[in-house]
1. Can you tell me which lysines have their Cα less than 19 Å from the Cα of Lys200? Leave out same-chain residues fewer than eight positions away.
2. Over the chain, what is the percentage of antiparallel beta bridges among all DSSP beta bridges, to the nearest 5?
3. What does the charge dipole of the chain about its Cα centre add up to, to the nearest 20 debye, if the Cβ of each Lys and Arg holds +1 and the Cβ of each Asp and Glu holds -1?
4. Determine the distance separating the Cα centre of the stretch 266-281 from the Cα centre of the stretch 10-39; give it in Å without decimals.
5. What do you get for Rg/Rh over the stretch 153-240 if you use C-alpha atoms and the Kirkwood form of Rh?
6. Find the percent of Cα-Cα distances in the stretch 370-442 that exceed 15 Å, and round it to a whole number.
7. For the stretch 300-421, with only Lys/Arg (+1) and Asp/Glu (-1) charged at the beta-carbon, what is the dipole magnitude about the Cα centre, in debye rounded to 20?
8. Can you give me the Cα centroid spacing of the stretch 347-399 and the stretch 406-442 in angstrom?
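The values are calculated or read from the model by the stated rules, or taken from the named source; none is laboratory data. Just so it is clear, the structure is predicted and the values come from calculations on it, not from any experiment. Every residue, glycine among them, receives a Cβ derived from its backbone with ideal geometry; neighbour counts consider all protein chains shown. Protein only, heavy atoms only, side chains kept; ligands, DNA and RNA dropped before computing areas. Shrake-Rupley method; radii C 1.70, N 1.55, O 1.52, S 1.80 Å.
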Amino acid sequence: MPFPKNFIFGTATSAGQIEGAAREDGRTPSIWDIFAETPGKTFGGETPAVACDSYHRFFDRDLPSLKALGVDSYRLSISWSRVMPEGVGPLNPKGVDYYRRVFEALLENDIIPNVTLYHWDLPQVLEEKGGWRNRDSIEWFGEYADKMFTAYGDIVPMWSTVNEPIATYVGYAHGGFAPGHTNEAWGNQARHNILVAHGKGVEAFRAHNLKSQIGVVIDIWKRHALTNFPEDIALMIDQDERNWKFYCDPILAGRYSDYILEHLEKEGTLMEMHPHDFELTSQPLDYFGLNVYNRVPVTVNQQAQMDFSQGGNFLNNRTEYYPKAVYDAIHLLHDLYDIKIPIYVTENGTYFEGTEPVAADGMVHDDDRIRYVSGFLEWLEKAIDEGFDVRGYYLWSLMDNFEWSAASNFKFGIATTDFATGETKWKKSAYFYRDFIKKMKA
């Protein structure tokens, strides 16, 4: 059975990864601008100062590409520091005008803008006040969200509050992402605060009585024990609890699990929580945004892990090919949380590490990416056939971009990007996706 006629096919990007123009037209630095400028933090010392230069090239390069693909929707984010240079307070008219022109141009071309308020790029001026570990961040985000709903509530049909809040934990606890701190207690406080801030954003959205929809975007990387040994089962449970469940539980169940509360208290890293926090985290949503890329096999036995990696079904980037991950995640959301709202797959894709080879015909023949996307779409279709309410799929990403710490070394795009000239060119996967959408709409 094919996808439903009203099913949304789209592609996705984020402001910090594609826009560039980092210090133009009133924009102030984000935590990623500052982090990337710190030696040793990104591949080759690259920064997002220019990235794909979409701030200058959206209308004459990105929009025509989206139209040619035939997508129904484009998922993108707002750069907080472009519209509110001080993080709070006055808006920047040039920044506000830029996004309105982008959203209007998408709508004029029958492409639904699906807009994320926060995709990892906190204004640096707010980080200097403690960033997400400061409880004031809840109010900062609430003000920002309220002003964006005022500015664009009339033209944006789909909103999400935050994208993958686990990145905030990584940035404060493990140092691999901006702002680069390595303090477990800070990481837990920061990720709690951003979940409450998400709820503050939803609260602001409801106050505007908009006709549009709002959701949140969580990435689910389900852990799978490689053996049935008790140690592996325990490791699987622990990693699930500390990863996707940490975010899904407060949003979909209105509380943290006893497991996570007991373990963090024992470890001395339990966050400060206020009585009404979970009324905010569990605000009713219109949809759930699911980012799904793979599963994570775990074992305490390093030899078993090595044997698995040698004998499994792998892509050329050495990651496992496991397209059933999307089906598993959708089942998980229903089985564990009895989710009643529609699900959109808001990100799914795979990367090539290094420079993708160009064939004699001048094209990148990214057959692994086509295989990957095809497999996920097949399992997604199976979930829909079984009656699960899944309404959209967004392929990550429209083009090769600034892939955070991996910078230009990890290429997720269905189009190449020449970072020197700003030119993009479709890979074989772009033609595949265009033709797949066309077939589904026939």
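1. Lys147, Lys211
2. 15 percent
3. 940 debye
4. Value for the Cα centre distance between the two parts: 31 Å.
5. That ratio is 1.13, to two decimals.
6. 63 percent
7. Dipole size: approximately 120 debye.
8. So the two Cα centres are separated by 10 Å.
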